[in-house]
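To start, the structure under review is shown below, and the notes come after it.
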Amino acid sequence: MSKTVTTFKFFWAHEDEQQEAWLRAMARQGLHLLDVNPLCFWTFRRGEPADTIYRIDYPGASQDPSFQQLMQDAGWSLAATTVGWHYWRTQAVQGKAPELFTDNASKAKKFKDRLAMLVASCLPLFVMVVITDKQLVREQLSLPFLVPLCVVLALYVLIVPYTVVKLMARIRQLGGPIAA
């Protein structure tokens with residue numbers, strides 16, 4: 001029997017609570033997070049079932065070594081990271097799940113950081129569309145290259161607005177202003 005299990009599971013950027021609940025359920029089955037990649041493949045180590053709590057931070061203070069030390073001193077360990085997402089874990093205490101963010105302002109900031117990164121990721125595409133000589137591109141690109149490129153761009157144009165709206169809704173739900 002393999003000591004690791006890899007599975008595909010997709011979550012939207014605003015679904016942190018669903019991710020955390022899923023990871024806790026996996027740990028209760030004896031599958032403990034080792035790695036996650038940007039394509040939504042999750043790798044788990046098989047072990048004893050445990051009531052492990054996972055919390056997600058993006059990116060904020062998690063990149064600061066003093067914050068990481070503070071987290072470790074508080075009993076948290078960094079389980080995995082991927083493209084700025086930090087997955088922290090600790091054991092439940094009498095079935096209770098400790099929180100990383102205890103106030104709505106901190107929770108809203110976490111979503112504002114995600115929103116800012118998402119908007120920033122759109123800038124290269126915007127620059128490409130505005131600056132590129134479209135006639136030259138059409139002359140030099142082949143149909144077999146353009147079809148998948150257009151599919152990817154179409155998906156991006158559909159996914160980004162949906163995610164932006166959902167993140168804005170989470171920020172408003174937490175009582176935070178969208179602009180900071």
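No value in this document is a laboratory result; all are computed from the given coordinates. Values in this document were obtained by computation on a predicted structure and should not be read as measured data. All Cβ positions, even for glycine, are placed from backbone atoms using ideal geometry, and neighbour counts span all protein chains on display.
Quick notes on this structure:
- Under 5 Å from the amide H of Ala79 lie the amide H atoms of Tyr87, Trp88, Arg89, each residue being 5 or more positions distant or on a separate chain, with H modelled from the backbone and absent for Pro and chain starts.
- Inverse of mean 1/r across different Cα pairs in the chain, Kirkwood, Å: 18.6
- For the pair the range 118-169 / the range 1-74, the C-alpha centres are spaced 30 Å from each other.
- Charging the Cβ of each Asp and Glu at -1 and of each Lys and Arg at +1, and nothing else, the dipole of the range 1-43 about its Cα centre rounds to 280 debye.
- Spherically averaged projected area in nm², based on the convex hull that wraps the Cα atoms of the range 77-180: 9.8
- Positive-end residue, the chain charge dipole about Cα centroid, Cβ charges, pick of Thr6, Thr90, Phe67: Thr6
- Only lysines eight or more places from Lys166 in sequence, or on another chain, were considered; those with a Cα closer than 23 Å are Lys9, Lys107, Lys109, Lys110, Lys112.
- A cut-off under 12 angstrom between Cβ atoms defines the neighbours of Phe101, and their net charge, with Lys, Arg +1 and Asp, Glu -1, is -3.
- Whole-Hz Karplus values for the range 118-127 come out as 5, 5, 4, 5, 7, 4, x, 5, 4, 4 Hz, taken residue by residue from phi with 6.51 cos²θ - 1.76 cosθ + 1.60 and θ = phi - 60°; glycine and proline positions read x.
- Cut-off 19 Å (backbone N to label point 7 Å along Cα→Cβ of Thr6), residues of the range 73-98: 80-83
- For the range 33-125, a Kirkwood hydrodynamic radius built from all Cα pairs, placed in the Stokes-Einstein relation at 37 °C and 0.692 mPa s, yields a translational diffusion coefficient of 224 µm²/s.
- Per-residue HN-Hα couplings for the range 38-46 [Karplus 6.51, -1.76, 1.60; θ = phi - 60°; Hz; x = Gly/Pro]: x, 8, 6, 9, 10, 10, 10, 9, 6
- Nearest 10 degrees, 0 to 90: helix 16-28 Cα axis against the chain principal axis: 50
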